[in-house]
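Input: a single structure, listed below in structure tokens.
The values are calculated or read from the model by the stated rules, or taken from the named source; none is laboratory data. Owing to the predicted nature of the structure, the values given are computational and were not obtained by experimental measurement. Heads up, the Cβs are rebuilt from the backbone with ideal geometry, glycines too, and the neighbour counts pull from every protein chain shown. These accessible areas exclude ligands, DNA and RNA; they are computed on the full protein's heavy atoms, side chains included. Shrake-Rupley method; radii C 1.70, N 1.55, O 1.52, S 1.80 Å.
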Amino acid sequence: MEDESITGALSFDDFEAIGDGLIHHGWAVIPSFLPAATALALAAEAQAHWQAGAFRQAGVGRGAGWVQRPDIRSDEVFWMEGEDLSPTLVTTLGKLDALKQHLNRSLFAGLEDFEVHLARYGRGAFYARHIDQFEDTTRRAISVVLYLNHQWRSQDGGALRLWTTPAPGRTPPSPKTPYIEVWPEAGTLVVFRSADFWHEVRRARRTRLSLTGWFLRRASNPLEQVL
Ligand code: OGA
Ligand code: MN
């Protein structure tokens, strides 16, 4: 059972707005997906994990192709394991899982798994323009980014810039393509189709924390290859 003091009311209005946004635009921004107090409790936990040395410099690519590229991204990430999860995190991940189920029920989205990490951008860190799908797998279907920062101001930099025209096939947006910018304010959630939307994290001028994850579609069924 969800603890609503942590998640806010399990808001089906929010879930429906996200479903509508994904259908009509491919993305959605929900300013108060979580109560700010919950997001700030998660931020305190993230900082404690960081101080305990749990974060690692992020990389790009995966498997044997994984490399650190501080010229592309300079954030640090912490892939959480079961034993690291506090009650607040469990409840928050539960709400995101409920969102995944909602998208499966209402859009037949076929989302099976969820992978998630905490990300920390120190002062000066950024993530250059990219899309979230790897070159060798299309399992990442939907990206979700939940921000954990108290009273973010425009002079703090660190906006998420999301180009709002879908660009399938890994074609980067032309200079005229419109974009939105989202401040990483506590409780705000951004959701977008992982394959189609180029985005970047502008250089942060203060510590910037988020919980970032991907809803994964089913791995291809080996039977499909033989039948
Ligand atoms: C990512 C990413 C966006 C953000 O981790 O892939 O693009 O606003 N994050 O933190
Ligand atoms: Mn990304």
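Residues of region 208-217 that are in contact with a helix residue (DSSP H, G or I) (Cβ under 9 Å, 6 or more places away or on another chain) and away from ligand 1 (no atom under 13 Å from the Cβ): Phe215 alone. Report, by residue number, each residue of region 112-140 that is among the aliphatic types (A, V, I, L, M) and in contact with a His (Cβ under 9 Å, 6 or more places away or on another chain). Those that are among the aliphatic types (A, V, I, L, M) and in contact with a His (Cβ under 9 Å, 6 or more places away or on another chain): Leu118, Ile131.
Return yes or no: is Asp20 acidic (Asp, Glu) and surrounded by 15 or more Cβ atoms within 10 Å (Cβ to Cβ)? Considered against the rule, which asks whether it is acidic (Asp, Glu) and surrounded by 15 or more Cβ atoms within 10 Å (Cβ to Cβ), Asp20 comes out as no. Quick check: anything in region 215-225 open to solvent by 20 Å² or more (accessible area, probe 1.4 Å), closer than 18 Å to Phe134 by Cα, more than 16 Å from ligand 2 (Cβ to nearest atom) and of a type in the set (Lys, Arg)? Yes, region 215-225 has at least one match. Residue pairs whose Cβ atoms lie under 7 Å apart, separated by 6 or more positions or on different chains, with the first residue in region 14-30 and of a type in the set (D, E, K, R) and the second surrounded by 14 or more Cβ atoms within 10 Å (Cβ to Cβ), are Asp14/Ile30; Asp14/Phe33.
Consider region 107-122. How many of its residues are more than 15 Å from ligand 1 (Cβ to nearest atom) and touching a residue at least 24 places away in the same chain (Cβ under 8 Å)? Of the residues in that region, 6 qualify.
Here's the yes/no breakdown for (1) open to solvent by less than 40 Å² (accessible area, probe 1.4 Å); (2) touching a Phe, Trp or Tyr at 6+ places or on another chain (Cβ under 7 Å); (3) assigned to a loop (DSSP other than H, G, I, E, B):
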site: Ala119; (1), (2), (3): yes, no, no
site: Ala128; (1), (2), (3): yes, no, no
site: Phe134; (1), (2), (3): no, no, yes
site: Ala141; (1), (2), (3): yes, yes, no
site: Pro172; (1), (2), (3): no, yes, yes
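Taking the criterion of being in contact (Cβ under 8 Å) with a residue 24 or more places away in the chain, closer than 20 Å to Thr207 by Cα and not in a helix (DSSP H, G or I), the residues of region 48-70 that qualify are Ala54, Phe55, Ala58.
Table: residues versus (1) closer than 25 Å to Thr138 by Cβ; (2) open to solvent by less than 70 Å² (accessible area, probe 1.4 Å).
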| residue | (1), (2) |
| --- | --- |
| Ile6 | no, yes |
| Asp13 | no, no |
| His25 | yes, no |
| Ala36 | no, yes |
| Ala43 | no, yes |
| Ala52 | no, no |
| Phe55 | no, yes |
| Trp66 | yes, no |
| Asp71 | no, no |
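So, of the residues in region 184-201 that are within 7 Å of ligand 1 (Cβ to nearest atom) and not hydrophobic (A, V, I, L, M, F, W, C), which turns out to be nearest to Arg170 (Cα to Cα)? Of everything passing the filter in region 184-201, His199 is nearest to Arg170 (Cα to Cα).
When region 143-157 is filtered for residues that are open to solvent by 10 Å² or more (accessible area, probe 1.4 Å) and within 14 Å of ligand 2 (Cβ to nearest atom), only Val145 remains.
Going by the structure shown, is Ser194 within 14 Å of the chain's Cα centre (by Cα) and either open to solvent by 30 Å² or more (accessible area, probe 1.4 Å) or closer than 23 Å to Glu76 by Cα (or both)?
On the way: within 14 Å of the chain's Cα centre (by Cα): yes; either open to solvent by 30 Å² or more (accessible area, probe 1.4 Å) or closer than 23 Å to Glu76 by Cα (or both): yes.
Yes: the conditions hold for Ser194.
Checking each residue in region 174-190 for being modelled with pLDDT under 95 and open to solvent by 40 Å² or more (accessible area, probe 1.4 Å) picks out Ser174, Pro175, Lys176.
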